[in-house]
Amino acid sequence: MAAAKKAAPHAAPGGLRWPAEWERHDATWISWPHHEPDWPGKFGPIPWVYAEIARALAEHERVNILVHDEKTEEEAWHCLRMHEVKQGRIHLMQCPTDRVWLRDSAPTFVHDANGDVQAVNWDFNAWAKYENFARDQKIGAFIADHTGLPLTQPQRHDGKGRVVLEGGGIETDGRGTMLVTEEWLLTDVQVRNPGFTRADYERLFAETLGITKTIWLGEGCVGDDTHGHVDDIARFVAPGVMVLAHEEDPNDENHARSLDNVRRLEGATDAEGNPIRVVTLPYPRPVIMDGARLPASYANFYIANGVVIVPTFNDPNDRIALNTLAELMPTRQIVGIHAVDLVWGLGTLHCLTQQQPAARHARAKPTR
């Protein structure tokens with residue numbers, strides 16, 4: 001009997017498709033830390049955490065690292081060599097940056113109708129909160145120039161300039177389904193695109209990412225500096241399977257937020273009308289620094305070729321989160337990365353990475 005023909009991945013009528021994170025990568029992009037005010041009083045260990053992240057990723061795929069200047073490059077190489085990172089899979093390139101959160105300042109990569117990769121370069125305004133972002137606005141153009149990939153810059157439908165968006169606020173299953181939060185895009189705090197409605201965003205997602213169904217969750221987690229990024233609370237791990245951060249303690253501020261999202265997802269279906277299985281992840285204990293609650297969440301993991309790196313917080317729930325993800329993604333290694341210091345910068349592993357998917361029609365061409 002002939003083997004069944006494998007179904008082609010979803011593509012919107014325009015041919016664009018935003019691949020799921022678990023699909024094959026050509027590379028992961030990160031940016032080496034240099035902006036000490038992001039980790040006030042605790043910057044010292046951060047480069048070593050980055051070296052461990054690079055080591056775990058380089059076992060499985062190429063890691064492209066932006067370095068702010070020559071001094072940062074020297075420091076990066078020192079840490080990478082000390083951690084015995086596979087240097088053949090590490091590529092450092094000088095590109096001045098304001099901060100290191102490439103999930104938000106780097107492009108979102110999509111497949112076109114031919115299976116080639118394009119870079120969707122959102123405008124970036126430092127989460128409508130900070131003033132220093134001029135260098136980060138140029139990261140998309142730098143990456144496009146380095147890779148030779150086509151770059152698109154989505155414009156507002158009303159002619160009022162480019163669309164402001166961040167990769168940490170959007171999540172896909174690679175089949176036309178997207179997760180976002182109302183807190184991020186539809187409230188009057190840290191407004192990215194004044195005047196934009198729910199319908200405007202859904203039209204934008206369809207035209208630029210090939211999304212045919214947007215699922216709107218409510219709020220993100222407590223302490224989130226971005227005001228509602230979805231990558232701290234809900235992530236797809238396979239077609240039809242999602243993990244959702246849920247706080248069981250009714251006295252914790254995350255409880256009501258996460259319970260609302262659990263209820264919103266009851267009976268949820270994807271873009272193809274299939275039911276979505278929702279698996280809950282616990283939160284770690286509240287991580288407090290200098291009196292401030294930090295956005296510590298296991299949902300901020302990153303899926304690479306053959307490995308998933310997961311933030312851990314010296315908490316008993318670390319084991320539960322790692323085991324849950326291992327059961328859901330059995331073909332990948334699950335590697336915990338200590339993130340108690342890292343989260344003082346108000347982000348962890350997914351926030352600092354951005355995947356560049358491989359082209360679908362052939363082996364991906366090496367990055368220049």
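The values are calculated or read from the model by the stated rules, or taken from the named source; none is laboratory data. Predicted model, so just to flag it, every value in this text is computed and none were measured. Cβ atoms come from the backbone with ideal geometry, glycine included; neighbour counts cover every protein chain shown.
Summary table
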item: Scope region 321-342; condition surrounded by fewer than 16 Cβ atoms within 10 Å (Cβ to Cβ) and out of contact with any strand residue (DSSP E or B) (no Cβ under 8 Å at 6 or more places or on another chain); matching residues; result: 323, 327, 330, 331
item: Test set (1) within 25 Å of residue 189 (Cβ to Cβ); (2) surrounded by fewer than 16 Cβ atoms within 10 Å (Cβ to Cβ); (3) touching a strand residue (DSSP E or B) at 6+ places or on another chain (Cβ under 6 Å) - residue 94 fails condition number; result: (1)
item: Region 144-167 residues that are touching a residue at least 40 places away in the same chain (Cβ under 8 Å), paired with ones that are of a type outside the set (Asp, Glu) and in a helix (DSSP H, G or I) (beta carbon under 6 Å, 6 or more apart); result: 151/144; 154/208; 167/103
item: Within region 306-363, strands (runs of 3 or more DSSP E) holding 1 or more residues that are closer than 27 Å to residue 286 by Cβ and not acidic (Asp, Glu); result: 307-312, 333-338
item: Per-region count, region 112-130, residues on the phi > 0 side of the Ramachandran plot, free of Cβ contacts under 8 Å to residues at least 60 places away in the same chain and among the aromatic types (Phe, Trp, Tyr); result: 0
item: Of residues in region 21-50 being over 19 Å from the mean Cα position of the chain (by Cα) and small (Gly, Ala, Ser), the one nearest to residue 225 (Cα to Cα); result: 41
item: Residue match in region 175-193 (condition: closer than 30 Å to residue 92 by Cα, out of contact with any helix residue (DSSP H, G or I) (no Cβ under 9 Å at 6 or more places or on another chain) and either buried (at least 18 other Cβ atoms within 10 Å of the Cβ) or among the aromatic types (Phe, Trp, Tyr) (or both)); result: no
item: Considering residues of region 325-368 that are modelled with pLDDT of 95 or more and of a type in the set (Val, Ile, Thr) only, the residue farthest from the chain's Cα centre (by Cα); result: 331
item: Failed criterion for residue 274 (all others in (1) without any contact (Cβ under 8 Å) to a residue 40 or more places away in the chain; (2) in contact with a helix residue (DSSP H, G or I) (Cβ under 7 Å, 6 or more places away or on another chain); (3) of a type outside the set (Gly, Ala, Ser) hold); result: (2)
item: Residue match in region 50-70 (condition: among the hydrophobic types (A, V, I, L, M, F, W, C), surrounded by fewer than 22 Cβ atoms within 10 Å (Cβ to Cβ), without any contact (Cβ under 8 Å) to a residue 40 or more places away in the chain and farther than 27 Å from residue 108 by Cβ); result: no
item: Residue count for region 282-302, restricted to those that are in a strand (DSSP E or B) and either surrounded by fewer than 23 Cβ atoms within 10 Å (Cβ to Cβ) or touching a Pro at 6+ places or on another chain (Cβ under 7 Å) (or both); result: 4
item: Number of positions in region 112-130 that are over 20 Å from residue 229 (Cβ atoms) and in a loop (DSSP other than H, G, I, E, B); result: 5
item: Options 299, 268, 292: the member that is over 19 Å from the mean Cα position of the chain (by Cα) and closer than 25 Å to residue 323 by Cα; result: 268
item: Residue list for region 85-109, restricted to those being without any contact (Cβ under 8 Å) to a residue 60 or more places away in the chain and closer than 11 Å to residue 28 by Cβ; result: 89, 90
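Let's see how each residue does on (1) within 15 Å of residue 171 (Cα to Cα); (2) touching a helix residue (DSSP H, G or I) at 6+ places or on another chain (Cβ under 9 Å); (3) in contact (Cβ under 8 Å) with a residue 24 or more places away in the chain; (4) of a type in the set (Gly, Ala, Ser):
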{"position": "217", "(1), (2), (3), (4)": "yes, yes, yes, no"}
{"position": "224", "(1), (2), (3), (4)": "no, yes, yes, no"}
{"position": "244", "(1), (2), (3), (4)": "yes, yes, yes, no"}
{"position": "256", "(1), (2), (3), (4)": "no, no, no, yes"}
{"position": "289", "(1), (2), (3), (4)": "no, yes, yes, no"}
